[in-house]
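The values are calculated or read from the model by the stated rules, or taken from the named source; none is laboratory data. What you see is a predicted model; the values in this text were computed from it and never measured. Positions of Cβ are backbone-derived with ideal geometry, glycine not excepted, and every protein chain shown enters the neighbour counts.
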Amino acid sequence: MTSEEVRVLARECGFELAGVAEAEPVPEAAWYREWVAAGYAGEMRYLTDRRAAVREDPRNLLASARSIVCVGKLYQTPWPYSTQFSDEERAWISRYAWGDDYHDVMRRRLERLAARIGALEYRICVDTAPLLERSYARLAGLGWIGKNTCLINQRSGSWFFLGELLMSLEIAPDGPPPDRCGTCRRCIDACPTTAIIPGGAGYTVDSRLCISYFTIEKRGTVPEEMRGGIGGHVFGCDICQDVCCLLYTSRCV
């Protein structure tokens, strides 16, 4: 089977994006260790406990893995962007949470895809598995990792959920696209809490400054000094995606 045949099957299973990467360790594993060591994970212990080491190699999840089918499911909507939202009597919920639980949706479709491919030994990963998802999705050609650390597809922006199918079946891998952020700093300059900072191979996010971290991950009250920047966000934040998408409106439809 070829990666193009996988893309055809993935589209039939409801995924707009798909590609294949090798089930091998990636250089980003070293950057991840540095990110954790710097304390950027904050109180998210699931990123720093014993599962952190599992991320070093996808074969820790499936010993027989030789290929990773990476898929993307778009969740873009025609509704307003957070940067255009000005109703002081209402609050903002991140766009990804406006529909059904994506874990269930993605898993059902990946099960269908595994059956269509005819995979005998496989493991499905959707967000909760200790896997460097964006890195493998980039290698599979789904997009490049932007300065806001989101995976960005040239035609579809960053509005897609990621899922993976680790398989014992060997398929010739795709390749990563070029980084197209260039000198753009819109996401960096727009972040009201200055969470996007230099790190890794370019930029990274300090979770301890991120609105999504404070409104979803961190338990307890939000520090007073952060409340002004958080504003009307009550669950997640889309600002660094919104300003990027508005720059290239044609790719976000």
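The table below lists the values:
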{"item": "Per-region count, the range 1-24, residues in contact with a Pro (Cβ under 8 Å, 6 or more places away or on another chain) and either assigned to a loop (DSSP other than H, G, I, E, B) or of a type in the set (Phe, Trp, Tyr) (or both)", "result": "2"}
{"item": "Count - residues of the range 1-60 that are without any contact (Cβ under 8 Å) to a residue 12 or more places away in the chain, charged (D, E, K, R) and either touching a His at 6+ places or on another chain (Cβ under 7 Å) or closer than 30 Å to THR221 by Cα (or both)", "result": "3"}
{"item": "The lone exception for ARG208 - which of (1) at pLDDT 95 or above; (2) not in a helix (DSSP H, G or I) it fails", "result": "(2)"}
{"item": "Members of the range 147-174 found to be among the charged types (D, E, K, R) and either within 17 Å of ARG185 (Cα to Cα) or assigned to a strand (DSSP E or B) (or both), listed by number", "result": "LYS147, GLU164"}
{"item": "Count - residues of the range 25-83 that are assigned to a helix (DSSP H, G or I) and either of a type outside the set (D, E, K, R) or surrounded by fewer than 18 Cβ atoms within 10 Å (Cβ to Cβ) (or both)", "result": "21"}
{"item": "The range 135-150, residues that are under 22 Å from TYR46 (Cα atoms), touching a helix residue (DSSP H, G or I) at 6+ places or on another chain (Cβ under 9 Å) and touching a residue at least 60 places away in the same chain (Cβ under 8 Å)", "result": "SER135, TYR136, ASN148, CYS150"}
{"item": "Residues satisfying the stated conditions in the range 158-177, i.e. out of contact with any Phe, Trp or Tyr (no Cβ under 7 Å at 6 or more places or on another chain) and modelled with pLDDT under 95", "result": "SER158"}
{"item": "Residue selected from the range 175-192 under the condition of a type outside the set (A, V, I, L, M, F, W, C) and outside any loop (DSSP other than H, G, I, E, B), by the criterion nearest to ASP242 (Cα to Cα)", "result": "ARG186"}
